[in-house]
1. Select from region 147-171 the residues that are among the hydrophobic types (A, V, I, L, M, F, W, C) and out of contact with any helix residue (DSSP H, G or I) (no Cβ under 6 Å at 6 or more places or on another chain) and write down the one among them that is surrounded by the most Cβ atoms within 10 Å (Cβ to Cβ).
2. For region 125-146, enumerate the residues that are under 14 Å from the mean Cα position of the chain (by Cα) and either of a type in the set (D, E) or open to solvent by 50 Å² or more (accessible area, probe 1.4 Å) (or both).
3. Does H12 satisfy being open to solvent by 40 Å² or more (accessible area, probe 1.4 Å), near the ligand (Cβ under 9 Å from one of its atoms) and either farther than 23 Å from G112 by Cα or not in a helix (DSSP H, G or I) (or both)?
4. Inspect region 35-44 for any residue being in contact with a Gly (Cβ under 6 Å, 6 or more places away or on another chain), within 11 Å of the ligand (Cβ to nearest atom) and hydrophobic (A, V, I, L, M, F, W, C) and give the result as yes or no.
5. Which residues, taken from region 113-136, are more than 10 Å from the ligand (Cβ to nearest atom) and assigned to a helix (DSSP H, G or I)?
6. Just the residues that are hydroxyl-bearing (S, T, Y) and either more than 12 Å from the ligand (Cβ to nearest atom) or under 16 Å from K151 (Cα atoms) (or both), please, taken from region 51-92.
7. Determine whether I185 is open to solvent by 40 Å² or more (accessible area, probe 1.4 Å), out of contact with any Cys (no Cβ under 9 Å at 6 or more places or on another chain) and modelled with pLDDT under 95.
8. I'd like the full set of residues that are touching an Asp or Glu at 6+ places or on another chain (Cβ under 9 Å) and either over 18 Å from V69 (Cβ atoms) or surrounded by 18 or more Cβ atoms within 10 Å (Cβ to Cβ) (or both), limited to region 22-33.
Amino acid sequence: MHYFSETPSSKHDEAVISGILRGKRFSFKTDSGVFSPKKIDKGTEILVNELELLSSDDVLDIGCGYGVVGISIVAEVNSITMTDINKRSVNLAKHNLKLNNISDKNIDVVQGDVYENVKCKNYDIIISNPPIKAGKDLIHRIITEGHLILKENGSIWMVIQTKHGAKSLAKFLEGVFGNVETITISGGYRVLKSVKKV
Ligand SMILES: C[S@@+](CC[C@H](N)C(=O)[O-])C[C@H]1O[C@@H](n2cnc3c(N)ncnc32)[C@H](O)[C@@H]1O
C-alpha cells in the first residue's frame, strides 16, 4: 500500500510523534498508510526551517500529509490551505491542528488530486515535499499547475533528496519559472525555490 493512495486500507497503527520546527515543539498523530509515520521526515524538517515567510502570505501546503508543514508555519502567515489526495492524511492533518491548539479561521484542509479542490487560486507561496514514488508526471503537475495559481512574485519551495533527481527537478523548475535557486544543500537534501515573474 502506497502512502499516496486515496483511501489507504492498511490496518491502523496510530502513534503520536513530536519534534521542534522553527524553534517550537509540535505533536502529530500519525498512522499506517501515510508518509513518514514514525518520525518527521528529515527533508521536511530542513525545508520548513529554511522557509522565508511574511505575515501577509497566503500559503498552499501541497501534499500536506499529516500536516507538518502547514501546522508548523500557520502562526507566521495570513492563511494556510493544506491539501492531499490521501484521505487518512487529510483527517490526521485536521486532527493535528486541534492537537496543537490551532483554531484559526484562515485554515482550510481539503482532500483532492493536486490542486483540484483548492478554492483560492492565488497564493504567495506553495510548499512541497513532493511524492517522489508517485512519479515524475505528478511532480511536474505540481510545478506547472502551481505556477498558474501563484501571484506575481509568488514562490514555490520544494525539497528533494539529491539522489532522487534534485538536478533534473531544478532544471524542470527553471524551465517553467525561468529561474531556480538552491536555498540549501544539507544532509543529502536540496531545497529549491522558484519565483513567478510576469
Ligand atoms: C513526501 S509526502 C510529504 C507529506 C508532508 N508534506 C510531509 O512533509 O510530511 C508527499 C505527499 O503527497 C501526497 N500526494 C501524493 N499524490 C498526490 C496527489 N495526486 N495530489 C495531492 N497529494 C498527493 C501524498 O499522499 C503525501 O502525503
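1. M158
2. Across region 125-146, the qualifying residue is only I132.
3. Here the answer is no, as H12 does not meet what is asked.
4. Yes; the residues of region 35-44 include at least one that is in contact with a Gly (Cβ under 6 Å, 6 or more places away or on another chain), within 11 Å of the ligand (Cβ to nearest atom) and hydrophobic (A, V, I, L, M, F, W, C).
5. Hit for region 113-136 is K136, nothing else.
6. S55, S56, S79, T81
7. Answer is no for this residue.
8. Hits for region 22-33 are K29, T30, D31, S32, G33.
The values are calculated or read from the model by the stated rules, or taken from the named source; none is laboratory data. Predicted model, so just to flag it, every value in this text is computed and none were measured. As a convention, Cβ positions derive from the backbone with ideal geometry for all residues, glycine included, and neighbour counts pool all protein chains shown. Protein only, heavy atoms only, side chains kept; ligands, DNA and RNA dropped before computing areas. Shrake-Rupley method; radii C 1.70, N 1.55, O 1.52, S 1.80 Å.
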